[in-house]
Structures are given as structure tokens and as C-alpha cells.
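Everything below concerns the one structure shown next.
The values are calculated or read from the model by the stated rules, or taken from the named source; none is laboratory data. Since we're looking at a predicted model, the values are computed, not measured. Glycine gets a Cβ as well: all are built from the backbone with ideal geometry, and neighbour counts include every protein chain shown. Side chains are part of the model used for accessible areas, which takes the heavy atoms of the whole protein and leaves out ligands, DNA and RNA. Shrake-Rupley method; radii C 1.70, N 1.55, O 1.52, S 1.80 Å.
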2 protein chains.
Amino acid sequence: MEKVDGRLVRGDQTRRAVLRRSVDIASVDGLEGLSIGRLAADLGISKSGLFAHFGSKEELQLATIRAARRIYADTVVTPAFEVEPGLGRVWALSACWLEYSRQRVFPGGCFFQKVSHEYAGREGAVHDALLEVHWEWMKLLEDVVQAAIDRGELTGDAKQLAFDLNAYYEAANFASLLQGDLAGYDQARQAIRTRLESAVVPGTPTPW
Amino acid sequence: MEKVDGRLVRGDQTRRAVLRRSVDIASVDGLEGLSIGRLAADLGISKSGLFAHFGSKEELQLATIRAARRIYADTVVTPAFEVEPGLGRVWALSACWLEYSRQRVFPGGCFFQKVSHEYAGREGAVHDALLEVHWEWMKLLEDVVQAAIDRGELTGDAKQLAFDLNAYYEAANFASLLQGDLAGYDQARQAIRTRLESAVVPGTPTPW
């Protein structure tokens with residue numbers, strides 16, 4: 001068994017605890033709302049201790065984005081990828097996304113929708129990191145659709161279908177927050193189904 | 001000719017100038033970013049003068065929402081309503097929405113998308129005012145679609161079609177801000193057309 005430095009373990013635990021709190025705060029109040037002072041008070045840690053971990057507010061914001069990306073990948077992508085590539089996986093990815101929003105994995109709904117709208121029109125490292133996650137996600141969604149096209153289950157343009165599907169996900173998340181009800185999830189589910197039905201190759205078994 | 005109190009006229013001009021500036025600021029930085037001190041400095045007006053007009057930050061925020069709603073109605077709704085009810089008006093309303101975003105009528109893109117995401121998960125008078133505008137807009141969009149159904153030009157559920165169309169508009173606006181390019185407008189235009197084509201009654205002349 002490898003010998004582990006106790007200070008390193010505690011440091012890592014602290015870092016994880018800070019980031020779990022910071023993704024939750026940012027999903028509700030945005031990344032601008034993150035403050036090292038507030039986090040330190042919340043978690044009963046000294047401000048100097050937090051600075052030792054993150055150095056600056058911007059570093060904390062960037063680490064928060066990376067932590068949220070991991071949670072998003074674990075919640076939305078990993079379970080959908082247990083389904084075989086093809087139409088079934090497109091449907092599973094859509095279902096996992098809507099569940100991720102509905103279950104409030106982050107208390108403020110989709111972390112990335114909240115903070116990407118906050119930083120959409122700005123410049124700098126935080127905007128760039130969010131844009132990178134956005135491209136990564138849109139590429140993944142497009143690849144999942146393309147696999148269904150390559151298998152002869154869907155027809156059409158993968159990039160366009162990915163744009164449409166993502167628009168429904170975002171609209172559902174936004175409606176649930178603003179309206180305070182679940183109606184948007186049913187509307188999004190119906191929209192996804194109608195859109196996929198319009199692209200499905202006749203004879204393909206459908207997962208809905 | 002009616003006698004007009006010069007102070008009232010000047011007061012009204014000041015109010016309009018303040019609100020024109022405040023909708024622009026809020027579209028970029030959000031309604032939380034509005035401050036009476038900053039506006040006063042920007043416009044060379046005394047803080048006490050501004051307080052005389054708006055009383056509190058919340059009253060300024062609510063007046064800003066009303067001013068933005070008027071600009072939105074003038075830019076998106078009024079021109080589309082010059083087109084006869086039916087599929088043509090659905091298409092015109094969609095085109096006006098995309099142009100409103102693309103032309104940056106507000107420098108931060110769609111005012112309502114920016115500030116509604118900011119306040120979606122909160123409570124209070126500002127959230128409630130934004131929810132009211134949201135319902136008003138969704139009802140208008142649904143009515144425009146319903147008129148096309150009533151005229152035998154479209155089939156389907158008007159509420160669902162309104163949800164889908166609005167999702168494309170919002171996705172295009174968001175993409176233009178985050179990505180800094182215009183690709184989302186073409187994708188949204190294609191999505192709108194595909195969605196309407198799937199609902200159009202055969203034989204109906206199409207406006208695209």
C-alpha cells in the first residue's frame with residue numbers, strides 16, 4: 001500500500017468540498033456571485049487557506065467550471081453511453097439531459113445554461129472556458145446523431161439535428177426555472193419525439 | 001394648443017433618456033448591474049434627480065422591463081402584424097425575432113433572454129414582471145400559430161409549435177453571443193422552416 005501524505009489528502013478533500021459548494025452557488029447566482037470570502041465563511045475555512053488552493057477568483061471560477069463539467073459528464077453522458085450507438089442513444093441522451101435538469105443535480109438547474117448566459121457576451125478566460133465546454137458538448141451531441149445516421153436509422157444533417165435537440169433541452173430547463181413548473185419537460189419531450197420522428201428511417205424500431 | 005408645463009416635458013425627456021440607457025446596460029450586464037449611481041454618472045444627472053424619478057433600484061428595474069417590452073413590441077410584433085394572419089404571419093414573426101436579435105436592437109442581444117435567465121430562479125417583483133412578459137409573449141406566439149391552424153394552413157397543437165419555435169429563437173440568440181458568430185441564425189431559420197413544413201397543410205402557399 002502506497003504511503004499517502006495526510007496533508008495532501010486533507011488538501012484534496014478541502015478542494016473537493018469547496019468546488020462542490022461553488023458549483024451549487026454558481027448554478028443559482030452565477031460565477032460572478034462566487035466569492036472566496038463567502039465560500040470560506042460557508043465552509044468554515046480560512047480565506048488564506050482558500051487562496052492557497054485557488055490563488056484568485058478567476059482560478060476558482062475556472063476550477064468550478066471543470067468540476068461542473070465532470071458532474072455533467074457523469075450525469076448526462078455516461079448513462080446515455082451505456083446504450084448502443086444509434087437512435088436509442090440519441091433518445092437516451094435526451095432523456096438523461098431532461099432528467100439532469102428536472103432532478104436539480106445543480107440547485108439552479110443546468111449549471112452551464114446559467115453561467116453561459118451570464119458570460120455569453122463577455123471576453124476573457126471564463127468566457128473562453130465556457131465556449132470550449134459548449135463546443136465539446138455540441139460536438140458530442142452531433143457525433144451521437146451522426147452515428148444514428150451512419151447506421152441507417154436517421155436521415156438529415158447531424159449538426160442541424162443537434163442544434164434543434166439542444167434548443168429543446170435548454171427551453172425546458174429555462175421554463176422550469178422561470179415558470180416554476182414542469183410543463184416545459186413534457187413539451188421538450190414531445191418536441192424531441194416529433195423532430196426525431198420526422199428524421200427516422202421507416203422500419204427503424206423506435207425507443208419511445 | 002394645450003399649455004404644457006416645461007418642467008414636466010423635461011422630466012419626461014429625462015425619464016426616457018434614463019430608460020433608454022438602462023435597457024442597454026441591463027441587456028449586457030443584467031438588471032442587477034443597474035445602479036442609480038452609475039446611471040447618474042453616465043448621463044450627467046444628479047443621483048437625487050434620478051431617485052425623484054424612480055424611487056428605488058427595484059422601481060428602476062421594473063420601469064426598465066416596461067421600456068424594453070415596448071421596444072420589443074415595436075421591433076418584433078408590430079412589423080409581423082402588418083402581414084395577414086396565417087402561416088405568413090408565423091413566418092414573419094420568426095423572421096422579425098431573428099432580425100431583432102441579429103441587429104442588436106439591444107447591445108447584449110435579446111434583453112428578455114439575458115435578464116430572464118438572470119432572474120429565472122429568484123423570487124420577487126422583478127421575477128414576476130419577467131414571468132408576465134414571458135406568458136404574454138408565449139400567448140401571442142401561440143395565438144399567431146392558432147390563427148394559421150384555424151385558417152387551415154397548419155395542423156397540430158399551437159402551444160407545442162409555439163414552444164418549439166421559441167426554443168429556436170432563443171438558441172440562435174444565445175449562440176450568437178457565446179460563439180460570437182452568426183451561424184445560429186441560419187440554423188434557427190432552417191429549424192423553423194423544417195418544423196413548419198412538417199405541420200403545413202398540403203397545397204398551402206409557403207412564404208419561404
Let me confirm something: among A:Ser27, A:Ser46, which residue is at pLDDT 95 or above, over 28 Å from A:Leu196 (Cβ atoms) and among the polar types (S, T, N, Q)?
A:Ser27
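Under the condition of being in a helix (DSSP H, G or I) and within 10 Å of another protein chain (Cβ to nearest Cβ), which residue from region B:116-132 is surrounded by the most Cβ atoms within 10 Å (Cβ to Cβ)?
Step by step, filter region B:116-132, then rank; the result is B:His117.
This table checks each residue for (1) modelled with pLDDT under 95; (2) open to solvent by less than 10 Å² (accessible area, probe 1.4 Å).
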| position | (1), (2) |
| --- | --- |
| B:Gly11 | yes, no |
| B:Leu31 | no, yes |
| B:Phe51 | yes, no |
| B:Ala80 | no, yes |
| B:Leu87 | no, yes |
| B:Trp91 | no, no |
If a residue has to be crowded, with 20+ Cβ neighbours inside 10 Å and either closer than 27 Å to B:Gly203 by Cβ or in contact (Cβ under 8 Å) with a residue 40 or more places away in the chain (or both) to count, how many in region B:97-111 make the cut?
8
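Looking at region A:150-183, which of the residues that are among the acidic types (Asp, Glu) and open to solvent by 30 Å² or more (accessible area, probe 1.4 Å) is nearest to the other protein chains (Cβ to nearest Cβ)?
A:Glu170
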